Amino acid sequence: MLYLLLTPTKLTTINNGEMNEYNIGYGLGPGLTLLNMAIAGSANSSFLYEMDTYDLYNLIIPDGETAYGLIGLSNYSFSPLTMEIK
């Protein structure tokens, strides 16, 4: 959202002694903001898909098998991860 600070940006050109100003900030600021939000939204949905697809929570792994995946932790404090072999 900080890209919106670019909204008052002007482009000044000098051609044959004549100075012209163009307000490019009205497209630049909001355009970069929307592009950034779209890319972030796409990355977040891709990450959510990977978390759903490769989730190892409550997965039972048969003997002699190997499992690769992700474990999501929703706790912000430090607590050690414990595993149990049955």
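The values are calculated or read from the model by the stated rules, or taken from the named source; none is laboratory data. Every value quoted in this text rests on a predicted model; they were computed, and no experiment measured them. Using ideal geometry, Cβ is built from the backbone for each residue, glycine included, and neighbour counts are taken over all protein chains shown.
Here are the numbers for this structure:
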item: Residue among Tyr49, Tyr3 that is part of a helix (DSSP H, G or I), at pLDDT 90 or above and aromatic (Phe, Trp, Tyr); result: Tyr49
item: Unique residue being assigned to a strand (DSSP E or B) and in contact (Cβ under 8 Å) with a residue 12 or more places away in the chain when the list is Leu11, Leu28; result: Leu11
item: Residue among Gly31, Gly69, Gly25, Gly41 that alone is touching a Pro at 6+ places or on another chain (Cβ under 6 Å), surrounded by 10 or more Cβ atoms within 10 Å (Cβ to Cβ) and not polar (S, T, N, Q); result: Gly25
